[in-house]
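Report on the following structure.
Bear in mind that the values in this text are calculations on the coordinates, not laboratory data. Quick caveat: nothing in here was measured; it's all calculated off a predicted structure. Cβ placement follows ideal geometry from the backbone for every residue including glycine, while neighbour counts extend to all protein chains displayed.
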Amino acid sequence: MTIVFLTLSAITVLGALLAVTLRNLVHCLLALVLFFMGIAGHFFLLKADFLGAVQILIYIGAVAVLILFAIMLTRNISGTEGGRGSLGGAWWLGVGIATTLAGAMCVFVRRSDLVSKLPYGATEEGVVKEIGKLLVTDWVVPLEIMAVLLTAALIGAVVIALEEEKKR
Amino acid sequence: MDAIYKLIQHYAPKIPDLLALALAVLLPIAIVMGVFLTVFALLTWVERKALGRIQNRRGPNRVGPVGLFQPVADGLKLLTKEDIVPAAADKVVHFLAPVLTVVPAFMVLAVVPVAKGFVPVDLNIGVLFALAVSTGSVLALFMAGWASRNKFSLLGAMRSVAQVVSYEVPMVMAAVVILMAAGTLSSVGIVEAQRGLAGWFVFKPWGLVAFVIFQLCAMAEVARTPFDLPEAESEIVAGYHTEYSGFKFALFQMGEYVAAITMGGITVTMFLGGYLGPGSDLPKIGWLVSAGWFFAKLGIIVVINIWARGTWPRVRVDQLLGFAWKLLLPLALVNIVAMAIWHFASNKLVGWGASAVVLAVAIVALVKINTGQTFEKRSYRFIS
Amino acid sequence: MIGKGLMDGLVVTAKNFVGSYFDGNRKERLFTYQYPEERMPLPENSRTFPFLVYDGTPDQMRCTACKVCETECPPQCICIVMDRDANGKPLRRPTVFDIDTSVCMQCGICVEVCPFNAIKMDCDFERSQYARFDDLITHLPTLLKSNEYYHQIKSAEATRVDATRKPAKKPAAAPTPVKPVPTSTDMRTEDERQAWQRGYQGEVGAGEIVWPPVVLKKQSARTPLEQSVSSAPAANDVPWHDSGIELEKRMEMAKERPLADKLMAAMAQVDCQACGYDCRGYANALASGESKDYSRCAPGEEPTKNMLEKLMKEAGKI
Amino acid sequence: MSVPLGYYLILGGVLFAIGLCGALTRKNAIAVLMSIEIMFNAAILNFVVFWYYLHNGALTGQMFALFAIAVAAAESAVGLALVISVYRHYKSVDVNEMRSLKG
């Protein structure tokens, strides 16, 4: 189990690192897909099969494709010149902040008493059915709000991205 | 998998545990790969033969009896061909793309119940997994088109991305009905829910509509001919695999055909009762009979695919996307309502009639709405 | 009814499919020729690559090595070297006749210009070979085909040709002992051969367009051979000795020269020896009165004949 | 055989930091959005991890993750629409060049 976890983690971290460092935007996107895959793998490892499938369906099937279209619509087709941002010498600041954050989180995690906690027994059977039931009972209000949000986002995205009628 | 593991432990207890485990994992994979690669090879031959006959040609008949070894010859030829990579291409992505096309196609096979008691992995989210993984191929196609640095390739890739994303939606919506009826996502569970006389979902009004929608979407998803815009020969050479040759090209073909077969397998599982059929429950030979039923039904789907390919012309891009969003998606949504009516109807007959009426009205209305429009006269940029 | 067209289409294709297996006249339905076994009859005028016709035995080839076809060939895929006896006297037949089929564009111009009906277009299209350069050059022995073969592939045309031909002459010379026919391969150095295979491109500077292309032959390896036979002064002295130049131009060039030169300028300049001499020799013979028959320049055809007649009349020779 | 919870927490933290680093340093708006997706995923991973290790038969963690995925999808759709809109305006997706609020 540890080996699987480490391998998956390596893939995930590698994908994330490449996604933020590569110069070519399309390569970034492909690295991001690798990262999504890694996360989905972690979900499967954590017995959250449904979430894993949803992760693949939504992130790889939809979000990645959306980003792809955005890249194609805004950049030249080869995707080059998407250089790493050197915000006038401020890039080291971002890296510094991120490193500090990571270090701090590691320290907190180590101090926490949850660190060595081991999982409960696996409960993968019937989870999907349970989720479905919960969605229309306890969580029905969030679900409806989510539906409204998604509709709003859909319409909003269309309105924002719609090309304005050119004045003639 | 577990069953094989137990069998191995039962019959050969001396085998070390790890080896038995590895065998239990690898054996189903080997069987599934072997069987479906043979089916793939046969399918290429059947398709060429049938297309030939449809067009009053003879089809392949040179290699072996009635051209039966044509796939072998094709494979050998493609294996020995030079592998050309364009100078400007993105080498790594160009190399990865064909490999990644094949992977999702085979991954879907993991949840297809081929025979009674034989499914490589009985995931409890089986169908969702299949639908999710089959989306993955779209990125491989995009990688192929983009890495080739060729305008035709890129056009084909973008077409394929738009097409797959559009058809994914009605496809999942059509599948929802089946999940509602079966009450499970597991592929085996869906098959078992179709037991009984005329129990196949395709024999219910909502099931029939969902079947048609799903079948059309599956054809679009794997770019079969009425929807083969990503590789429209007459428009964009060969689409995303214009710049591929040799074995990489073979991998693309393989990915495409295996995807078509697995999609057919999913369709059979969801609508045509999978491996169920007279005799599939017999004690000793049940697995064989059920496998026979499964492949017979798969054959029907394949024949439909080939027939449609030999008959219907390619649609335009606007027709393609409009068809998905304006006709299939609303119809799939209405279909869910029809399913709900069926589910809550007091008796079967009322449910049958009510859902059929709802669907008929919806189909007529949608067709009216969609055929009423006429297109504006096109204006061309360079002609005044 | 929506979708009726789609269904009709399916019915049509289904009928085709079933019909191709069970239809009574499915032979006509499946119109594909199973090529290596069944062959479509070729049209009378189909043509692929040229071949040389002989009457009777291969020794009696019609070709006189007049080089008209070599001169006229647009892609210059023909190479001819005339046969000579031990004394260097031309024998009026080729010892080398090579056609580079990788260069030939099957235009049939060689057939049209040939004054002897010696070269004709074949209709054999199965010419694939194993070696890219060596096998694609057809040599004299393979090029030679009998008149019967010609009748076989294009009977109407062959009959027409036979009708126009004079009754077969006796062989020009007694059959010489058969010697191995040298090919371009062993007559040239490797470099020259390659240059020739490249269709003379090797001799032309890149991007430089030289026209007429015949000029190139002045530098080619064959020229010294040709010149050595000619009894006339060096080529510079007879600037008109070039079949690429038109008759009027040639006459203009030789305006100030003696009668023999004028006569020579009127010839076709191909040294074909259809008359029994080369061009210089025939002109000398006419000028000296050795011969009075001015109609023997076959490649020159009517214009040359008329011009020779005019010149001879002016000089009072006839 | 399972790994302890701490491993997963550190993984989530590292992924979040990588995403943050990208969001802070990248110049291209699309790349920034991609970095934000990485951060989102790190958070979602933590939801699932806590569910797996700490749940008492409840599915709250998974439900939260599910909603988070839906929100992230909506966010990316609107975000990318904004990027395209901005690109139309500035002919660039460089976040440094978007300085004015005026159109």
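Peptides A:149-161, B:170-182, B:302-314 ranked from most to least packed give B:170-182, B:302-314, A:149-161, packing being the mean of other C-beta atoms within 10 angstrom over each peptide's residues.
Would you tell me the mean number of C-beta atoms belonging to other protein chains that fall within 10 Å of each C-beta in B:137-144, as a whole number?
Working: counts 0, 5, 8, 0, 0, 7, 4, 0.
Average neighbour count from other chains, rounded to a whole number: 3.
Across chain B, counting alpha-carbon atoms alone, Rg and Dmax equal 22.4, 85 Å. Close amide H pairs (under 5 Å, H built 1.01 Å from N) link C:R93 with C:D83, residues at least 5 positions away or on another chain. Peptide A:22-29 shows a mean partner chain C-beta count of 4 within 10 Å per residue C-beta. Note on C:C107/C:T142: beta-carbon distance plugged into 1/(1 + (r/R0)^6) with R0 of 25 Å gives a FRET efficiency of 0.75. Cβ-to-Cβ counts within 10 Å put C:M264, C:M61 in ascending order as C:M61, C:M264, the fewest first.
For C:K145, the residues 5 or more places off, or on other chains, whose built amide H falls under 5 Å of its own are C:L52, C:V53, C:Y54.
Gain in length, B:V35 to B:S346, computed as 0.36 nm per residue apart minus the alpha-carbon separation, to one decimal in nm?
Numbers: separation 311, 0.36 × 311 = 111.96 nm, distance 4.52 nm.
Taking 0.36 nm per residue and subtracting the Cα distance, the gain is 107.4 nm.
Over 32 Å between C-alpha atoms is what I'm after, so list which of B:K14/B:K284; C:K89/C:K154; B:K49/B:K81; B:K348/B:K368; B:K91/B:K326; B:K116/B:K204 land there. Please report the intermediate quantities before stating the final value.
Values: B:K14/B:K284 27 Å; C:K89/C:K154 36 Å; B:K49/B:K81 24 Å; B:K348/B:K368 30 Å; B:K91/B:K326 40 Å; B:K116/B:K204 23 Å.
Violating the 32 Å limit, Cα to Cα: C:K89/C:K154; B:K91/B:K326.
Each residue of segment A:33-42 was assigned a 3J(HN,Hα) from its phi angle through the Karplus curve 6.51 cos²θ - 1.76 cosθ + 1.60 (θ = phi - 60°); the sequence is 5, 4, 4, 4, 4, x, 4, 4, x, 4 Hz, with glycine and proline shown as x. Let me know the shape class of the protein assembly as shown, please: from the alpha-carbon gyration tensor, a ≥ b ≥ c as square roots of the eigenvalues, rounded when a/c is under 1.5, otherwise prolate if a/b is greater than b/c, or oblate. Taking the square roots of the gyration eigenvalues as a ≥ b ≥ c, the protein assembly as shown is prolate. Contact order, relative form, for chain B: 19 percent (alpha carbon pairs under 8 Å, 6 or more residues apart, mean separation divided by residue count).
Taking a ≥ b ≥ c as the square roots of the eigenvalues of the alpha-carbon gyration tensor, segment B:1-74 is classed prolate because a/c is 1.5 or more and a/b outweighs b/c. Note on the protein assembly as shown: dipole from Cβ charges, positive end direction compared against B:G239, B:Q194, C:V161; the farthest Cα belongs to B:Q194.
Counts of other chain beta carbons within 10 angstrom of each beta carbon in peptide A:129-140 average 3. Comparing B:I301, B:I363, B:I336 in a Gaussian network model of chain B (Cα springs below 10 Å), the most mobile by mean-square fluctuation is B:I363. Of the residues C:C66, C:C114, the one with the fewest other Cβ atoms within 10 Å heads the list, and the complete ranking is C:C114, C:C66. Apply the membrane-span-like helix rule to chain B: whole DSSP H runs, Cα extent along the own long axis of at least 20 Å, mean Kyte-Doolittle hydropathy at least 0.5. List the helices found. Once both thresholds are applied, what remains is B:17-54, B:91-109, B:151-182, B:205-221, B:246-271, B:286-311, B:329-344, B:348-372.
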